[in-house]
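Single-structure report; data block below.
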Amino acid sequence: DDRLYPESRTIHAGDTFEVSPEGHPEWAFRVHLKAQIEVPAATYGQSGKTLFISDTEGEFAILRNLLIRAGVMDDKYRWQYGQGSLVIDGDMFDRGKDVVPQFWLLYRLEDEAKAAGGQVHILLGNHEQMCLSGDIRYTDAKYFKNAWLLKTSVKELFGKDTELGRWLRSKNIVEKLGDVLVMHAGLSPEVVRMNLSLQQLNEQARPYYDIPARQVPQHLNLLFNASSPFWYRGYFREPKISMVQLDSTLQQYGAKYIVVGHTLIKWNVASYYKGKVIGIDVDTHQNQEAAALYQNGRWKVMDAKGRYKNISYDPANDQIKESDIL
């Protein structure tokens, strides 16, 4: 399908329209446009069960399968997770062909979850910030074609006057769910030393999501550069954060765990730093499928068939070489 939704036509609050993932008309679903888009809170209470997924990067089939296998939704895209929570930890943009259907599915599930007492949490990653600000070096050719057909730019497909553009700009870069801190890449010691609350971190970053990083005001550079929650790799790459620094981060924000995507390690999903950091980035473009489940204070990994096993901390996981980072 050469069209995008809703950028190819004007729609209004309350309208319903169909979204069809490329090559799978049988997977089509309908979306009801929201009456209004609300900025989410930065802090939430503990959910009975929370499923974490990251870095799906336009691979709709993988996201769809994980959500069905985990019981988050059925194959008709109806929310089945009750009062549970789903967390999408950034990097839905780029590389894959089905970025837009992926967004519309999550947009739909937000409302269904809320009606059932559950929650869908969507954190922005570096690829969201890149695409919103016009850095489209990893964007699939399909979107350049659509932009040409619509006589616009790829950046403007997600501009402030589009529904998905407004929706994405409302999202956070870091949230706390019970005793779990979640962000796409990590919280560097430099960002922690800014001594901002989670709400302040989000509020100060939000106006600049669609601004090239070099144009962000100097006092906010740490929220967009290599030390930022979008880009930080210090849990896995030298110079690595120390256990003392990590514990200080957790103490400052009253958390026990940090969940991150962004850095792809051969053996993810896995735990690091005595089990205090959970890395969830897997290579969806190589058909790897996995999610992390946090329930009753315990961490499990779920595979593509919906099978679970405990995530146990192995000190060897912390001995990461460059060749282990994919």
Quiz item: When only the heavy atoms of the protein chains count and the probe is 1.4 Å, how do Trp231, Trp79 rank by accessible area, highest first?
Solution: Trp231, Trp79
Practice problem: Using a 1.4 Å probe and ignoring any ligands, DNA or RNA, find the accessible area of Thr43 and quote it in Å² to the nearest 10. | Solution: 80 Å²
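Over all distinct alpha-carbon pairs, what is the Kirkwood Rh of segment 201-326 in angstrom?
16.2 Å
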Quiz item: Which value, in Å² rounded to 10, gives the accessible area of Glu38 with a 1.4 Å probe and all protein chains present?
Solution: 100 Å²
Quiz item: Hey, rough spin-label estimate for Glu203 and Ile68, points 7 angstrom out along Cα→Cβ, what's it come to in nanometres?
Solution: 4.3 nm
Quiz item: Where in the chain are the DSSP H helices whose C-alpha atoms run 18 Å or more along the long axis and whose mean Kyte hydropathy is at least -0.5?
Solution: 99-115
Exercise. Could you work out which residue, out of Ala141, Ala205, Ala255, moves most in a Gaussian network model of the chain, that is, has the largest mean-square fluctuation with Cα springs under 10 Å?
Key: Ala141
Practice problem: Read phi for every residue in segment 274-280 and hand back ³J(HN,Hα) as whole Hz from Karplus 6.51 cos²θ - 1.76 cosθ + 1.60, θ = phi - 60°, with x for Gly and Pro. | Solution: 6, x, 8, 10, 10, x, 10
Quiz item: Given Cα pairs under 8 Å that are at least 6 residues apart, what percent is the relative contact order of the chain?
Solution: 18 percent
Practice problem: Cross-chain or 8 or more residues apart, Cα under 14 Å: how many lysine pairs in segment 76-180 fit that? Count them up, please. | Solution: 5
Quiz item: Short version: ³J(HN,Hα) in whole Hz for each residue of segment 171-188, in order, from phi by Karplus 6.51 cos²θ - 1.76 cosθ + 1.60 (θ = phi - 60°), x for Gly and Pro, what are they?
Solution: 7, 9, 10, 8, 9, 10, 10, x, 9, 10, 8, 9, 7, 5, 10, x, 10, 6
Quiz item: Residue by residue through segment 306-311, which ³J(HN,Hα) values in whole Hz follow from phi under the Karplus form 6.51 cos²θ - 1.76 cosθ + 1.60 (θ = phi - 60°), with glycine and proline marked x?
Solution: x, 8, 10, 9, 5, 8
Exercise. Taking H placed 1.01 Å from N in the peptide plane, check which residues at least 5 places from Met73 or on another chain put their amide H under 5 Å from its amide H.
Key: Ile68, Gln80
Quiz item: According to the Kirkwood expression over distinct Cα-Cα pairs, how big is the hydrodynamic radius of segment 1-131, in Å?
Solution: 15.3 Å
Practice problem: Please work out the Kirkwood hydrodynamic radius for the chain, using every pair of different C-alpha atoms, and report it in angstroms with one decimal place. | Solution: 19.9 Å
Quiz prompt | Rotationally averaged projected area of segment 124-168 (alpha carbon convex hull; nm²) | solution = 3.0 nm²
Self-check item: Residues with amide H under 5 Å from that of Ala270, placed H, sequence gap 5 or more
Solution: Gly279
Practice problem: Starting from the amide H of Leu86, placed 1.01 Å from N in the peptide plane, find each other amide H under 5 Å away whose residue is 5 or more places distant or on another chain. | Solution: Leu51, Gln119, Val120, His121
Exercise. Would you please give the FRET efficiency between Gln46 and Gln286, computed as 1/(1 + (r/R0)^6) with r the Cβ-Cβ distance and R0 = 45 Å, to the nearest 0.05?
Key: 0.85
Quiz item: Can you give the accessible area of Ser242 in Å² (nearest 10), computed on protein heavy atoms with a 1.4 Å probe?
Solution: 50 Å²
Exercise. With an 8 Å cut-off on Cα pairs and a minimum separation of 6 or more residues, tell me the relative contact order of segment 85-220 in percent.
Key: 27 percent
Practice problem: Please give the peptides 95-106, 67-78 ranked by average Cβ packing (other Cβ atoms within 10 Å per residue), highest first, as a rough proxy for protection. | Solution: 95-106, 67-78
Quiz prompt | Residue order for His12, His24 - accessible surface, 1.4 angstrom probe, largest first | solution = His12, His24
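The values are calculated or read from the model by the stated rules, or taken from the named source; none is laboratory data. This is a predicted model, so every value here is computed, not measured. So basically every Cβ, Gly included, is an ideal-geometry build from the backbone, and we count neighbours across all protein chains shown. Please note that ligands, DNA and RNA were not included when accessible areas were found on the heavy atoms of the full protein model with its side chains. Shrake-Rupley method; radii C 1.70, N 1.55, O 1.52, S 1.80 Å.
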